[in-house]
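Since the structure comes first, as structure tokens, the remarks are kept for the end.
Each value in this text was obtained by applying a stated rule to the coordinates, not by laboratory testing. Predicted model, so just to flag it, every value in this text is computed and none were measured. Note that we place each Cβ from the backbone using ideal geometry, even for glycine, and neighbour counts take in every protein chain shown.
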Amino acid sequence: MTNIVAVLIVRCTHTGFYKDGRPNPASVTLYDLDEITIQKNRTRAVPVTAGSYVDIPMSTRTLVSYHEGAICKHVKNGEITAEVILQLRDKSNCGGPAGTGQALRPAVANIERVANELRLVIPNNVIPTILDSIGFLVGEPLTITGLTGAFRNLNGEYEISAAAPSFGLGGADAGSYLVTVPSVGPDIASTTLAGANLCLTEGRVVSQFGSGGDVGGLGTNVFGYIGGQLFPNAGGGGGGSVTVLDEGALVDAAATSFDFVGAGVTATGGAGAVTITIPGGGGGGAPVGAEYLVLTADPTLTDERVFTAGTGISVVDGGAGGAFTVSVDATWAEILANGAASGGTSPIISAGDSLLGATDLILAPGAGAGDNIILDGLTWPGADGTPGQVLTTDGAGTLSFSTPSGTTAILEWGNNSVANSTATRYLDPGFEARTAPLATAVNSFRVPRAGTLRNLYLRHNNPGGSGATITYTVRVNGVATALTIGLASTGSAAADTTNTVAVVAGDYVDIEVTKAAVAGGGARRPMASVEVAA
């Protein structure tokens, strides 16, 4: 059998602002209250954090705070709103068709953890079929069991932070109902689990009454009690009825008229109970605070916008029951249809040309003669240049790609000799009329700017000796690079124009000389040069 209990609470909601409109990101603390349930912890000082609300069980102390204490003070300061809510909760129904909990939706990706949120998908069409009445609402305690795999350690108690009918993990999905709870930890990829159970720990809320009307979004079977009058929730145009016990204050002696019955509202019944019927068509009247797009301002609406035709737009109003037609100005319609307007200047897209706007705006002229892109009188080249080239102008409106000049430098090394032995030596920067020094006396260039070393050229001004190969290698900061030349001692010249080496300002550059065998006598007077390209 069902176990319906009534719970009376005061819901305090953080507004995010002060009374004067200044933003208020700080928590609001309510002191001197009997108790409050916040994730099963009870405390006398109640924090209401920004962007959230707390439900405070009604007691004598809470009622005093609501009327003249801490709650009243913060409401007057505009920091919170306070609303008295009566919930009818079915303790024997923990959700799902059997009332024992709700399984995840099968055959779809139904669980994931993203950005410290555990997101679960349950079926959209569960019993009861009124989607907003299934009980999985924001703020409700929830116990999750049966999670396995990567989610096995996440079984436990939670509080629902978001609930979205007709949504799944990937977005809109008419067959899904997305439930979100806080869950701190690394992301876990979405998957399909079976055997999990979502249980409404404190039972399902079947009805909710609030001083603010339709609180909690429980569906069309919920009524809000306001100012001594009973109003069905805003719903379809079918109207509805509700039975009210005759307490003598609402009905007269004959039980045929009511102080609050308006046009079209009827009442039937006799002593003991009266049924009030609200006709269809209005769904209880226009909701206060909703947004509307109207043709003319209406004093009965609270937040409407008036439709106004802007430049190039015309409208025809067919009146009640007719069509309201929005049309594009004839000139714009002609441009959209033909690419040009009669007697005027307009964008013209001809055969073979295209104007594409997606992520990028692409101007693509055709391949015919004279098809160019001209912006502000400048004719752009029809093809890209080569790496390192820049865009230049001829001074007559034509742009082209060309290789910049004056952006390179030359480094030079040279010695009278590199000696006969196989000992490693290093060329001197510039030229020194001596034998190239050994490793203990290396002289290096320090590069003053970032660039690329390339085009290594070498000359033996006085070739001779045994013909053994002498290898000249460019080093950067003491490390050999791919920029290198091998030349027989009897050879005159060689070059490496293939390899390049990147350098940054402050790098040290030198040329290392190695020989696999004794080169023989004779002064070879080697000289090397390297280009530093910007």
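Quick notes
- Note on THR49 and ALA534: their simple-model spin labels are 5.6 nm apart, each label 7 Å out from Cα toward Cβ.
- Theoretical FRET efficiency, 1/(1+(r/R0)^6), r = Cβ-Cβ of THR145 and ASP187, R0 25 Å, to 0.05: 0.65
- Applying 0.36 nm per residue to the separation of ALA505 and VAL328 and subtracting their alpha-carbon distance, the gain on full extension is 57.6 nm.
- Per residue, the convex hull around the alpha carbon atoms of the stretch 102-202 comes to 88 Å³.
- Annotation: extensible slack from SER421 through THR469 equals 16.1 nm (criterion: 0.36 nm per residue apart, minus Cα-Cα distance).
- Each peptide in 387-395, 46-54, 201-209 was scored by the mean count of other Cβ atoms within 10 Å over its residues; highest first, the order is 201-209, 46-54, 387-395.
- Theoretical FRET efficiency, 1/(1+(r/R0)^6), r = Cβ-Cβ of THR13 and LEU88, R0 30 Å, to 0.05: 0.90
- Contour excess over end-to-end distance, with Cα ends at VAL390 and ARG305 and 0.36 nm allotted per residue: 25.2 nm
- Cβ-Cβ FRET estimate between ARG22 and LEU378, R0 fixed at 45 Å, reported to 0.05: 0.30
- The packing ranking, built from the mean of other Cβ atoms within 10 Å per residue, places the peptides 311-317, 8-14 in the order 8-14, 311-317, highest first.
- Simple label model, 7 Å out from Cα along Cβ direction - ALA482 to THR452, nm: 1.2 nm
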